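Asker: Have a look at this one before I ask anything.
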Amino acid sequence: MDRREVLAERPVEKSRGFMPGVSVNPSRVLFTAGLTGRNPDGGLVAGGMAAQTQRTFERLRAILSRAGAKFDAVVKQLVYVTDIEAYNASGRPERAKFFEGTRTASTGLVVRRLADPAMLIEVELVVDLPGSPSRTSLLEKYNVEDHGGDFHQGVIVNGGRLLYLAGQVANSPDGSVAGVGDWGRQAEKVYENIGHVLRAAGATPATVVKETTWVLSIDAWRRHGPPVRRAFYKGDFPASTLVEIPGLARPEFLVEIEVIAAVA
Amino acid sequence: MPFSTIATPEAKPVANYKMATRLEGGRLLYVSGQVAWDTNGNIVGKGDVRAQARQTFENLRGVLRAEGGDLSSLMKVTTYITRIEDFPAVAQARSEVFQGELPASTLIVVKSLFHPDFLIEVEGVAAI
């Protein structure tokens, strides 16, 4: 809990209610999954962007609250929307009610599709938690809802060292692409690469904190990716986000996955 | 250095960037997605991805320097572009500003950024 706001007076960011940069002494850090406007039954809340934004931040508030934090501890937000006009008109004002005066580092993206085609917004947060690292475990993974999905809604890193991986794609060491046009093979290769890098850094799949999966087609990914992913994590899932976008660095790539892990 | 670089022969990067970085000490700085605007919020290089990339990386450097770091402090960058055909120009602008190897890196083509005139946005995490 040693938050420093960087270039707080820079007018462009100030007028938009965020901060160019936020730095912390990382002692306990919470990463949330990408949260959306789902109801407890799994369906989307009715009422469009305003209602989905409100519901998204209510759910994030519950995740923060479980970790003993409020929105004033948020360091970074990543907001994915499918309709920027709707977000500007009716999402932003709802978001502002939760953050009040707190300004976080922020990135906003317009993507092609989220988990459900009717989803308009998804938000993930990085949070600087109060308190000292517990000595019991490096990671605390938890859910505040019984969502039944293969992810945790919040993962706390208790001390330790954060590990940032480049986005991993289905490339072989010789530079060739494995599984051109083949979702299952690319999924295998991507997780194989993630495994190699984690091992080289002294981490394991169980110490992955946050995962972002960028795919060219959520429908195709859902047919081929989840079995490979489940075998990799063996039930010990990170906080995660799944987003559909129109392209990756090479036309052959169907999926790119980036992970943040922790090492004691 | 407040962070170390991880490399393994079994999984190699597809371009000139680090495969992974591990924080070893120091402060962690989260930098907002930077775009090509000047300090008054005017877009620099409308329609010109090369000019936008230069301004974007300048803005990124500005945030890092304000906290006592520089581009070399970055552990991870994520570059979002709106048109894949812009990637070569972005890659070139990027290698002009980074000395040597890039940080751990992700490149994503998104549908758009939060204003239709922006062609590139770059966010990063740095150890300082």
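Asker: Averaging over all projection directions, find the projected area of the Cα convex hull of the stretch A:92-172 and quote it in nm² with one decimal place.
Answerer: Values: hull surface 36.7 nm².
Dividing the Cα hull surface by four gives the mean projection, 9.2 nm².
Asker: In peptide A:249-257, how many Cβ atoms from other protein chains are near each Cβ within 10 Å, on average?
Answerer: 3
Asker: Next question, about the same structure. With the cut-off at 1.5 for a/c, could you classify the stretch A:164-253 from its C-alpha gyration tensor as rounded, prolate or oblate?
Answerer: oblate
Asker: Need one value for A:12-23: mean number of C-beta atoms belonging to other chains within 10 Å of its residues' C-beta atoms. The partial results should precede the final answer.
Answerer: Details: counts 8, 5, 0, 1, 3, 0, 2, 4, 10, 16, 6, 14.
What the average comes to for A:12-23 is 6.
Asker: Just check chain B against the gyration tensor rule for me: Cα atoms, a ≥ b ≥ c as the square roots of the eigenvalues, rounded for a/c under 1.5, and otherwise prolate or oblate depending on whether a/b exceeds b/c. Mind showing how you got there, number by number?
Answerer: Details: a/c = 2.17, a/b = 1.37, b/c = 1.59.
Oblate.
Asker: Summarise the partner chain shielding of B:100-109 as one whole number: the mean count of Cβ atoms from other chains within 10 Å of each residue's Cβ.
Answerer: Mean shielding by partner chains, rounded to a whole number: 6.
Asker: How big is D, in µm² s⁻¹, for the protein assembly as shown by Stokes-Einstein at 20 °C and 1.002 mPa s if Rh is the Kirkwood radius over C-alpha pairs?
Answerer: 103 µm²/s
Asker: What is the set of long-range amide H partners of A:ASN171 at a cut-off below 5 Å, with H atoms built 1.01 Å from backbone N?
Answerer: Hits under the 5 Å cutoff: A:ALA178.
Asker: Counting DSSP beta bridges with both partners in chain A, what percentage is antiparallel, nearest 5?
Answerer: Roughly 75 percent of the beta bridges in chain A run antiparallel, per DSSP.
Asker: Binning at 5 Å from 0, report for the stretch A:116-233 what percent of all alpha-carbon pair distances ends up in each bin.
Answerer: 2, 8, 17, 20, 20, 16, 10, 6, 2, 0
Asker: May I pose another question? Indicate the gyration tensor shape class of the stretch B:38-86 (rounded, prolate or oblate), computed on the Cα atoms with a ≥ b ≥ c the square roots of the eigenvalues: a/c under 1.5 is rounded; otherwise a/b larger than b/c is prolate and the rest oblate. Please report the intermediate quantities before stating the final value.
Answerer: Working: a/c = 3.01, a/b = 1.41, b/c = 2.13.
Judged from the Cα gyration tensor, the stretch B:38-86 comes out oblate (a/c at least 1.5, b/c at or above a/b).
Asker: Then there's this: Applying a 10 Å radius around every beta-carbon, put B:28-41, B:8-21 in order of their mean neighbour count, most first.
Answerer: Going from most to least packed, we get B:28-41, B:8-21.
Asker: Follow-up. Mind listing the Cα extents of the stretch A:7-65 along all three principal axes, in Å, largest one first?
Answerer: Extents along the principal axes: 42, 31, 15 Å.
Asker: Here's something else I'd like to know. Under a GNM of chain A (C-alpha, springs under 10 Å), which listed residue has the highest mean-square fluctuation: A:ARG55, A:ARG223, A:ARG161?
Answerer: A:ARG223
Each reported figure results from applying straightforward, stated rules to the coordinates on display, with no laboratory input. These numbers come from a predicted model, not from an experiment. Heads up, the Cβs are rebuilt from the backbone with ideal geometry, glycines too, and the neighbour counts pull from every protein chain shown.
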